[in-house]
Every structure is written in C-alpha cells, then in structure tokens.
Amino acid sequence: MDFSDEEKGADQLQNSVRESMAHVQTEHASVGKHNIEDGIAGTPLASAYSLWTTDAKGSVRLRIEDGCLEEPVTVHQMFKASVEKYGNMYALASKKDNKWEKITFLEYYQFCRRAAKSFIKLGLERFHGVAILGFNSAEWFFSAVGAIMAGGIMTGIYATNSPEACQYVASDSKANIIVVENQKQLEKILQISDRLPHLKAIVQYSGQPLQNVSNLYSWEEFMDQGLDVSEKELEDIIGSQRANQCCVLIYTSGTTGKPKGVMLSHDNITWTANHASSAGDMQPADTKQESLVSYLPLSHIAAQIFDLWTGIQYGELVYFAQPDALKGSLITTLREVCPTSHMGVPRVWEKMMEKIKQAISECGYVKKKLVTWAMSVSLEANQKCTQKDDPKPFLFTLADSLVLQRLRAELGLSCCQKFFSGAAPIGSETMQFFLGLNIRLYEAYGMSESTGPHFMSCPKAYKLPSCGKVVPGCRYKMANVDSEGTGEICFWGRNVFMGFLNMEDKTREALDEDGWLHSGDLGKIDEEGFLYITGRIKELIITAGGENIPPVPIEEAVKKELPIISNAMLIGDKRKFLSMLLTLKCCSNTETMEPTDELSVEAVEICRQLGTQATKVSDIIEGKDKEVYRAIQDGINRVNSAATSNAQRIQKWTILRKDFSVSGGELGPTMKLHRPVVLEMYHDVIKSLYQE
C-alpha cells in the first residue's frame, strides 16, 4: 500500500483519533475505584481466581505487588498514550521504489484501527486467532495491532514453517483470518485450508493474489472492507478488553512434541515493553528517539518485544529490512539507516564476525596489522573497564578514532549505542571479538513464557560472561541448588505468561503450585546479582555411569579452540563415554540459505595455515585430511585437559558432511540447536561411534 496516497488526509486522521481518544478517556474516567484484585487506580480487570488459565477466553490474577504497582493497561491504552505523546513523530519506515517512506505514530494508529474494522467486517470472533505468516513489514504491524484492537488474538507463524506446521498453529488458535506475505506463503495456506474449520478469510499483504479464490483479499481490498464499520462498534470492542486477558500467542518451536501456544496477556505485553526497555537503557522518544531495523522473525518473542511493542511504548522509529536481510542485505540497510540500537540472535552476530574476519584476511599486510593492533587495544581496555563510561587510556581513544570507528561504520553501526543479543546463549569468542571493535553485546535472557527478557545486561549491569541482572520489578529464585551453587532458575513477575493454550498438563509442568515459572535452565547467581547460565536440565547428559554433564560449556570450549568448527554437539546420554558431532564452516547458497560443500574463506585460510589445499568439506572428509584431523584432535585434547573428570572428556568425534541449518531442521528459526532432531537425523552416525 502507498502510505503517501492514504485516502484520509492528516486533518481527518487527527479528528478521528481525537474522537476515539475522547471516547476512551470518558469511559476510563467513569470507572470507579477497584481493589488490588481488580486493578489499580481505576483500571478494571476481568474476574480471575488463578494465576494461570489454558482457555483463550480466560483471565488471570495479575502479580501486582510491591515493586510492580504500575497500573495495568491494555495494548490499545498503551498505543493511545504513545500517540498522545509522539503522534507527529515518525514511527515506521518502509522502502518503496528505492526510497524510504515514513508514517507518523498518528497515521500508524489510524492504519491499525482501519485494519481492526476490516477484521471485524470479515467475521473475526472474540478471542479467535489472526495468524500472520510472512516477513517483517508495516502491514505485519498493522495486522498484529489491528487484530488485538478487534478483539482477536494475534498469532505469528514462522515464515519457514511447513504447510503442516502452519495448519497446527492456525487450527490450535482457531484462526478466523490468516494474513500472508506473498504467493509462496499463500500456497501453504491453500494446501491446508480445507482442514481449517474456523478460517473465514485470507489476506495477502505483498503483491496481488494470482489465484481467484473466494474470501482471498489483496491488502488494499482488505483495508477497504471495514470502511462501513462504525467507530462505536470498534470502540465497544476495545472498551471490553481487559489487561488480564489474552491478546498474543507465541508458539514454541516444538522440538520435543507439539508446539505450545504461549498465552500472553495485555499486561504481559505492556508491562514488559516498558520495564525490559528501561532495563536495557532504551530512551523514550521525548528524550531521544531510538531507531532500529526490524528483520528477525516477529513470531518469536524477542523480535516482537524489541521491534513492535517497545517501538510503540517508547516511540521508536522502526525501519523494515528487505526480505533477503539474512541472505546478505542487512548490512546494506544498516548502513543506510544507522540505527541507535540493534539486536541479533547469536548466529547473526557470528555471521557478522565471520564477514569481518574475512575482510581483514583480504587486507594488505600493513592494514591487517593496524586493525589487529586496534582490536587488541580495544579488547584489553574494555575488559579492564567494566562500565562503559569508565575512563579509557589514550591508546584506546587513538585506536578507536583511527580504525574502529571506520569498521563500525562499514557495518552500519556508527550511530549505534546499544547492541543486544538474545534468543540463545552467545559464545564468549563472539562477545570478545566485538569488544575488540568497541561493541558491547548486552545479553538478554528469558523465554517466551516470560514475555522475553527476565535478566538483562546493559551499560549499568555488565559483566562477562554473565547475562546481566534481573529486570527491575521481576523476581527470581534458584530451585534444587547443588553444592556448587547451581540450581534451576525460576521466574516471578508481571511478565510471566497466562498458560499454554489448551494444554493444562504442560502448564502445570511449567508453573509450580505457588505460581513460579520454572525455566528448565541451570545457572548461578554471584554476590552482585549477576546471572550465569550453565546449561539446561533437559539438555543435561547423564552418562551410563550416572554423571550429570551440561553439554553447552564443552561445545563452546571446542568451538573456541577450533575456529574451523561451525557447530559442535556433544553426545553421551546413557552412554559409557562422550562423543561429539562436528560441522565445518562453509558457504551457504544465497537463495536457499542451504549450506554448501564449499568451505568458508576463514576455513580455507585455516587449512592453508595447516598446510593443506582443501577448499571443500568433502576434500577433508573423503581423504580424512591428516593435517585438519590432527589439528581437530589437538584441539579436543586441549579441551579434555581442562575437564573436571574423566567422564567429561570427549573420547570420539566425527565430522558431518553438511553444516546444520534452519532449512535442514537442525536449527530453529532463531538458530537454536534442535538436539532431538539431530539425534534422530544422525542416528546411524552416532551408533557407529559406539560400536566396539
């Protein structure tokens, strides 16, 4: 849709928004005082007797207590308040015909209202799903917020999902409407539409639909559907919404069974967007407007909180990357936009690191020496100065101004003040590499069930290799703590989810009798309150000898010792000894993102240093390249020498022919390792490692 040709002029937009706000404010003012069970300062809540529910129509008691006393608000109330503060500031930027087109918060709000009216017209029922399947865009945002305004539940579907996976999510959420990006995503839905009894319409937001299918609408046709829906009808639905009711579903990846629909309330979203952003030192737009590039999957809680909900709460300017962002265009967009904050999952930061290393390796001798010197000076200074504002030595200032500023500018990060990593643990090598560029990666730790971050690193809470301190207003406890101080991390706060949709048994597993959310992660807390993740309970390898071994630290140690290795997965559950599956760093097909047989530039360079001419994975595996195999064994030996017991030593290893990937199924959409999938895929390979 062309933002510049929107039918209503600016005056009409403002009048419409003022009318709707006056309606909401009048309604809000007429609400009497309620006790703490019903809300605070006059905000009504739906009746609730439990901290959890598995019913889409259900409501929950909010965890309102000392330290969490802010008034509960709905998504609409949060948006309304932001429009009042930031209405004329730019909110969203989309690239059309090689030009950035921007809309204000006032226009953004009105587009969402129009989308809401169209959802109502198409028959969206209260607490039924609106599923969104496609890459990040303004239309994705309009659909998400519009679905909630219209009384539905917004449900993201990963763009990489198969038709069967789409069918499960759409069916489980009782989706009345599915919004798809393009023909490719549309075809998935058309394949399964006869198995979706609740489906009433499909909307395509990019390009014109090629098929002539009933109840299939282009974006323009969709936005016109609700023109005759009255303001009062929409306001009545908005006014009926309560902060302790469900408005968002986040589906887990389902690596160990069916995906679970994480039910998030209005309060989960609005409270977390406010407090997590504050913990991360994000600035409200009336102080200094933040800008960012939206490119990570919005069906994941990390991107949704960072891009969509915090964007509204804090008045940020969100630029939408191109659909091929992760295939190489992201840095081009970053250079154009120069965001003030940026978030990546660990694999994105790793890929960026690999590209920089490749560029450095191709430099001339003098330039290479200069960059290496500058990065070593920066790393040393940043490791000594734990606070970002600590005074740095003159040599660091010189290195940064002469070399590192230019490197950051090449990445499009010259104006960036805050760099976040989330969704999976990030390796220490990556953290230290970016410290060498004078980039501090602030790690956010949480889960979908905690509406994203529960612990965060930030300029005021930074300590390697921890993932920061608990978000103010949230609480934690450690369960089943062992003699070394390691226990299961448990969460409490306004960010803790409502329950898993239609899954009472799974909800009871996640929440104990007192309402604490059990993360399944193992960690330690130091005397200053910094959290260190040591592994996952479910990932713990329990050997045949009964030894409990967390695999992640060993895997990270191997990758640190052996920069030619891309992925390492430890094996040994119920086995007599540990073994390991390894993959080598290789190139990816730019279209499909499938890993190829070609080694990466960095891997080829390592091979040259080892004295071998290998350029392909197959060159190394088929000939069992002596130099590479010897180097890997030497690295394994170094890792083994630091093992706390013989049971934690890697006895055997093998190199797989293909790297792990999202398309291959070994990695999830946020590049998290799917261990059960790998165990099944490489069953025969693993079996051969344990044959006498």
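Readers should treat all values here as calculations from the given coordinates under stated rules, not as data from a laboratory. Remember, it's a predicted structure, so these values are computed and weren't measured experimentally. In this analysis, Cβ positions are derived from the backbone assuming ideal geometry, glycine residues included, and neighbour counts consider all displayed protein chains.
So the values come out like this:
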| read-out | value |
| --- | --- |
| The chain, dipole about Cα centre (Lys/Arg Cβ +1, Asp/Glu Cβ -1), debye to the nearest 20 | 1500 debye |
| Positive-pole candidate from Gln322, Met263, Gly280, dipole of the range 260-377, charges at beta carbon | Gln322 |
| Cα-centred dipole magnitude for the range 3-320, charges only on beta-carbon of K, R (+1) and D, E (-1), debye, nearest 20 | 620 debye |
| Within the range 480-509, GluC sites (Glu not before Pro) in DSSP loop having at most 14 other beta-carbon neighbours inside 10 Å | Glu484 |
| Listed residue pairs exceeding 21 Å between alpha carbons, taken from Lys258/Lys672; Lys392/Lys560; Lys174/Lys200 | Lys392/Lys560 |
| Folded to 0 to 90 degrees: helix 75-86 orientation relative to the chain principal axis, Cα | 90 degrees |
| 5 angstrom amide H check on Leu92, placed H, neighbours 5+ away | Ile103, Val318 |
| For the range 331-458, size of Cβ-based charge dipole, Lys and Arg +1, Asp and Glu -1, in debye | 380 debye |
| DSSP-defined antiparallel bridges as percent of all bridges, the chain, nearest 5 | 55 percent |
| Principal semi-axes in Å for the range 3-320 [√(5λ), Cα gyration tensor, largest first] | 28, 24, 20 |
| Residue order, fewest to most beta carbons within 10 Å, for Met353, Met580 | Met353, Met580 |
| Cα long-axis angle, helix 551-561 against the chain (0 to 90 degrees, to the nearest 10) | 60 degrees |
| For the chain, with +1 on Lys and Arg beta carbons and -1 on Asp and Glu, the positive-most of Gly499, Trp349, Thr430 along the dipole | Thr430 |
| Karplus 3J(HN,Hα) series, Hz, for the range 278-294 with 6.51 cos²θ - 1.76 cosθ + 1.60 (x for Gly, Pro) | 5, 5, x, 6, 6, 9, x, 5, 6, 9, 7, 6, 7, 10, 8, 10, 8 |
| Furthest towards positive pole of dipole, Gln304, Leu334, Ser291, structure part the range 271-361, Cβ charges | Leu334 |
| Gain in span if fully extended, Glu410 to Thr287, counting 0.36 nm per residue against the direct Cα distance | 41.5 nm |
